[in-house]
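Structure record follows, encoded as structure tokens.
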Amino acid sequence: MRHLSADARHRIRVTLNGRAVEGAAEPRMLLTDFLRHELFTTGVHVGCEHGVCGACTVELDGVPARACLTLAVQADGAVIRTVEGLAPEPGRLSVLQEAFRRHHALQCGFCTAGILMSLDCYLRDHPSPDEAALREYLSGHLCRCTGYVPIIAAALDAAERLREKRQHV
């Protein structure tokens with residue numbers, strides 16, 4: 001393990017949304033700040049800064065992670081996916097994003113990126129969720145606008161469409 005001095009900036013290399021990128025970070029810099037201010041990935045939102053609200057959720061090496069609880073230096077060499085990486089191509093929404101649009105599953109949008117990232121991972125591992133399982137899973141995300149009803153409807157819709165898509169492949 002290399003020694004990190006408290007004041008020095010360290011080169012951090014990650015694969016971000018499929019692209020190799022790098023930036024510099026002090027040892028105490030949070031991953032949220034690194035992604036937003038060094039790599040200009042502004043879809044990552046900073047909410048509570050305590051890991052409670054879920055707004056900062058990203059996919060880190062294939063699993064959902066709270067970027068506000070992760071130091072940038074901890075992510076060196078990691079594969080990171082943010083909400084910007086959900087769309088399959090520019091100008092086209094993912095199945096989950098399209099379901100959110102169809103079901104009006106966002107209002108102010110502040111929590112949406114984190115919820116989308118968590119649900120994207122969850123639906124990959126749980127292709128046939130029920131409403132209770134989704135509610136339990138999303139209990140780590142705070143949304144002050146929607147009441148979660150359209151979010152659950154969108155997740156169930158996306159799960160069904162993803163299952164149909166897999167059957168036709």
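Residues checked against (1) part of a helix (DSSP H, G or I); (2) in contact with a His (Cβ under 8 Å, 6 or more places away or on another chain); (3) surrounded by 18 or more Cβ atoms within 10 Å (Cβ to Cβ):
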| residue | (1), (2), (3) |
| --- | --- |
| Cys48 | no, no, no |
| Gly54 | no, yes, yes |
| Glu84 | yes, no, no |
| Leu96 | yes, no, yes |
| Arg101 | yes, no, no |
| Leu116 | yes, no, yes |
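One residue alone among Glu98, Glu59, Glu38, Glu89 is modelled with pLDDT under 95 and of a type in the set (D, E, K, R), and that residue is Glu89.
Look at (1) out of contact with any Asp or Glu (no Cβ under 8 Å at 6 or more places or on another chain); (2) surrounded by 22 or more Cβ atoms within 10 Å (Cβ to Cβ) and you find that Arg28 fails only one, number (2). Restricting attention to the range 134-169, the residues being part of a helix (DSSP H, G or I) and within 19 Å of Val52 (Cα to Cα) number 8. Residues in the range 141-163 that are within 10 Å of Ile115 (Cβ to Cβ), modelled with pLDDT under 95 and either in the same structural domain as Pro64 (by TED's automatic domain parsing) or not polar (S, T, N, Q) (or both): His141, Leu142, Cys143, Tyr148.
The values are calculated or read from the model by the stated rules, or taken from the named source; none is laboratory data. Quantities reported herein were computed from a predicted structural model and do not represent experimental measurements. All Cβ positions, even for glycine, are placed from backbone atoms using ideal geometry, and neighbour counts span all protein chains on display.
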